[in-house]
Structures are given as structure tokens and as C-alpha cells.
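Every number in this text was worked out from the coordinates using simple rules, so none of it is lab data. Everything numeric here is computed off the predicted structure, so don't read it as measured data. Cβ: placed from backbone, ideal geometry, glycine included. Neighbour counts: every protein chain shown.
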């Protein structure tokens, strides 16, 4: 004989409403539905308030920058030189401080995915005889975009600053360019709150507008900012003899970074539902053995109906 189909035989337990068995049955299912909710909430991870993912930002160099050099002359007088690609900035400098520089920049896309992997910026500032440089600062301006879990368009300023105890003719810096968030941004809409220039030329009307302390204060008021992180220190090349210029050589890599964000309603509910369902199934699996024991051995009185015999009431003695 070949078995073609099979059906299980069931044993059914019943009783009237508001009986002790009915109240126990109702309490069991209420517990199954409520307990996972409280357990999930008490674990402090039921409602997803923030999440993280990895993405490589899309940065675009705006060809706007400011370079500031500090040092001294051989006579011991302090030296401060500055220049910017913004004419309004240059107009606020004293003639002795303004030193027009040459800028050369390039980008590299190593894997040809349309996202820039690195930037190279070289700033050459001419020097007069007897001028020595000990510190270099560069502000470079970028447009940045994120378009995966969150949709973000922003403009930011990356700040490089380094000094050396010896007079030098070049500094070479290699850094990673990151987007920083003071508060995680929501993912349910495109964010453009800071898609405005950090240092707009139209607002530069007085010397206080270009002072580093004031500029840095404005940058830190933004929720989204750019940050340079160096895995190796800048390399300074000391002067041996006379030099005619100082070179600030910057190389910025764009790594895949972790982005902290606020999930939307759909993601939050999905995360909570998965936890709730997992806890519910686990609780039901273990408590079903207790319920089966209580009904099978008539801890509470019920009418028993089997597929192999008519309904009957089991009595306890």
C-alpha cells in the first residue's frame, strides 16, 4: 500500500464564556500579544530613533579657497600673507598682506563610477627675499551630496592648518574628507538647509567678516560640516638656501564613511514589527507547552471533543 494523503486527528477543548477555562484562554492570548510589546520596549531598542549606513559622498571642489601664511622676515618682523579666489576677500586685506598665488587642482576617479575619489590642490605663493614661512592655513570650499538612505545637498569648508619650528618652502598634507553631523538628519525628505556658501563674497564688507575666529564660529553653527582627518602628519620641507615661493600641497581622499541618520516612519515601524513578531513567536512556542499541559490534564475543566469519539466532559477526582 502506498500512502497518498494524511490528515491529523484533533482533540478540541471547549467551555462556556466566562468560565474559568475561557478566562484562562483569553488571558493567555492577551499575554501573548502584550508581553512582547513590553519586553521589546524595555530593551531600549524597540523604536529605531537613529541608524547608520555606509556611503561615499559626492564632493565637488568649487574652485574657491583662501590661503594664509604666517612667518617672519630675516629681520625678525612678523609676516602675514593671504590670498583668496574671492575678490571681496582680497579687497579687505592690507596691500602688504595680499600676495597673489597660483592654484592648480585635479580630481581622480579610480574606479570610474562617477564619484570623485580624491582631490589634489597645489597653491604656490611667491615670496620676497628674506621672508620665512612657519605656518600655513588653507580654506577649501566644496559642494557635497548624499543620495542613498538620506538625500542631502550641502556646501562646506574644509580647513587645513599646520605649523613647523623651522622655516620651510613647502608643506604636503594628505587627509580624508568627511561629512560630519551634529544631529542626525531625517531620511524622509531631501535636506538643503545648508546648501548655501559658507563664506559668500557678497557678505564680505568689513575685516571682521574674514577673521578666522568669526568664520569658524559661523561654520560650527551648521549642523552639517566638512572635516579633514589625517592618518599621517603633514610633511614640511625646510629651507636650505634661498627660495622664491612657498607651496601648499593638499591631497584629499574621499572614503566610504558611516552616515548617522534618523529613520523614516516606514523603517521605524518595520524594525519594531520584526522585533515584536520574533518575541511573540518565541513566547508562544514556549508557553504553548504549558497551555497544552493545563488543558490535556484538565487543570481547568473543559468539554473534550475528539475526532474519534463524541464530546464528553472529563471529571476530576
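Multiplying each eigenvalue of the alpha-carbon gyration tensor of the range 1-78 by 5 and taking the square root yields semi-axes of 76, 25, 11 Å, largest first, rounded to whole angstroms. Size descriptor for the range 169-317, Kirkwood hydrodynamic radius: 23.6 Å (Cα pairs only, one decimal). Annotation: the residues 224, 145, sorted from fewest to most other C-beta atoms within 10 Å of their own C-beta, follow the order 145, 224. With 10 Å bins beginning at zero, the pair-distance distribution over Cα atoms of the chain amounts to 5, 18, 19, 14, 9, 8, 8, 7, 6, 4, 2, 0 %. Helix content alone sets the calculated 222 nm mean residue ellipticity of the chain: runs of n ≥ 4 DSSP H residues at -39500 (n - 2.57) each, divided across all residues, give -7500 deg cm²/dmol.
For the range 201-261, the alpha carbon convex hull comes to 186 Å³ per residue, rounded to a whole number. Panel values: the range 34-148, Kirkwood radius from alpha carbon pairs, Stokes-Einstein at 20 °C and 1.002 mPa s, translational diffusion coefficient 116 µm²/s.
Binning the C-alpha pair distances of the range 52-107 at 5 Å intervals from 0 yields a P(r) profile of 4, 14, 20, 16, 13, 10, 8, 6, 5, 2, 1, 0 %, listed from the shortest bin outward. Ordering 189, 58 from the fewest to the most neighbouring beta carbons within 10 Å gives 189, 58. If you bin all the Cα-Cα distances of the range 68-134 at 5 Å, starting from zero, the percentages per bin are 4, 14, 20, 17, 14, 10, 8, 7, 4, 2, 0. The C-alpha radius of gyration of the range 218-303, expressed as a fraction of 2.2 N^0.38 Å, stands at 2.70. Give the angle, between 0 and 90 degrees and rounded to the nearest 10, that separates the Cα long axis of helix 265-296 from the longest principal axis of the Cα atoms of the chain. Once rounded, one gets 30 degrees. Share of antiparallel DSSP beta bridges in the chain, in percent to the nearest 5? Taking every DSSP beta bridge with both residues in the chain, the antiparallel ones total about 85 percent.
With viscosity 1.306 mPa s and temperature 10 °C, the Kirkwood radius over alpha carbon pairs of the range 103-202 converts through Stokes-Einstein to a diffusion coefficient of 95 µm²/s.
The order of 55, 7, 131, 258, going from fewest to most other C-beta atoms within 10 Å of their C-beta, is 7, 258, 55, 131.
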